[in-house]
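Working notes, beginning with the structure itself.
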Amino acid sequence: MSRLSRQVQPAKAYLAKLTEADWAVLAKGKVLVKGGKGQYAIMAATSVTQAAAWAVLTDYGNFDKFLPTVVTSRVVESEGDRTVVEQLDRRRILLTTMESKVLTENLELDGQQISFRLLEGNLEYMYGHWRIDTPPAALGATAGCLLSQQVRAEADVGPFKSMFYSMFEASLVDTIKALRTEMERRAASPNL
């Protein structure tokens, strides 16, 4: 049985922490990044419905088609609301190309939250959750939903820890942008 929490995190708990400047960033269509040193909150507003956003977030077997560094993605196990996904990630770091394989457990909750954790991979740990929430009025009438990820991760990279944090944060931003782009692409062409 999964050790992931089956509790849906209340949106008010983290949305109340956002400042007027944070809401302004989101209203402009930019990605908001809070935190650092392996503990992040990443948010982006999108014009799509919550159902459309959920369809992309749970399209585990096709992540390699729209996430920038994912080369392959496949569902290893699926039972009810629990899905285990294996991904091969490839990225350019300095003068070399690095590949890493990760196995994650994903627990879907109420069509609104996906809690996840690393089962196998080259990180010491990684866990968190994705959320899809109704956008507050501060985002205006064009926002269909607010997409967010809360994540904690750590790697044993010795003196390169600050470089790891910088690359991890950049990867999170690239991922949420790619997810939003795919959500909006599918919403614009629903017959694809």
Qualifying positions in the range 174-192 - out of contact with any Leu (no Cβ under 9 Å at 6 or more places or on another chain), assigned to a helix (DSSP H, G or I) and surrounded by fewer than 16 Cβ atoms within 10 Å (Cβ to Cβ): Lys177, Thr181, Ala188
Verdict on Leu123 being within 26 Å of Tyr14 (Cβ to Cβ) and under 15 Å from the mean Cα position of the chain (by Cα): no
Top-ranked residue in the range 102-111 [being buried (at least 19 other Cβ atoms within 10 Å of the Cβ) and closer than 21 Å to Ala51 by Cβ; ranked as farthest from the chain's Cα centre (by Cα)]: Leu107
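Do any strands (runs of 3 or more DSSP E) entirely within the range 65-128 hold 2 or more residues that are touching a residue at least 60 places away in the same chain (Cβ under 8 Å), and if so, which?
Working: elements: 70-79, 82-93, 96-109, 113-120.
In the range 65-128, the matching strands (runs of 3 or more DSSP E) lie at 82-93, 96-109, 113-120.
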Failed item, numbered, when Ala155 is tested on (1) out of contact with any Phe, Trp or Tyr (no Cβ under 9 Å at 6 or more places or on another chain); (2) surrounded by 18 or more Cβ atoms within 10 Å (Cβ to Cβ); (3) of a type in the set (Gly, Ala, Ser): (1)
Checklist (1) touching a residue at least 12 places away in the same chain (Cβ under 8 Å); (2) assigned to a strand (DSSP E or B) applied to Val48, failing item: (2)
Residue satisfying condition, being crowded, with 17+ Cβ neighbours inside 10 Å, among the small types (Gly, Ala, Ser) and not in a strand (DSSP E or B), within set Ala53, Ala24: Ala53
Pairs where the first residue, in the range 155-183, is more than 18 Å from Asp89 (Cβ to Cβ) and the second is surrounded by 14 or more Cβ atoms within 10 Å (Cβ to Cβ), C-beta under 6 Å, 6+ apart: Arg180/Ala44; Arg180/Thr46; Met183/Thr46; Met183/Val48; Met183/Ala52; Met183/Ala53; Met183/Val56
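A short reminder: the numbers here are calculations on the coordinates, not readings from a lab. Quick caveat, the model's predicted, so the values are computed rather than measured. So basically every Cβ, Gly included, is an ideal-geometry build from the backbone, and we count neighbours across all protein chains shown.
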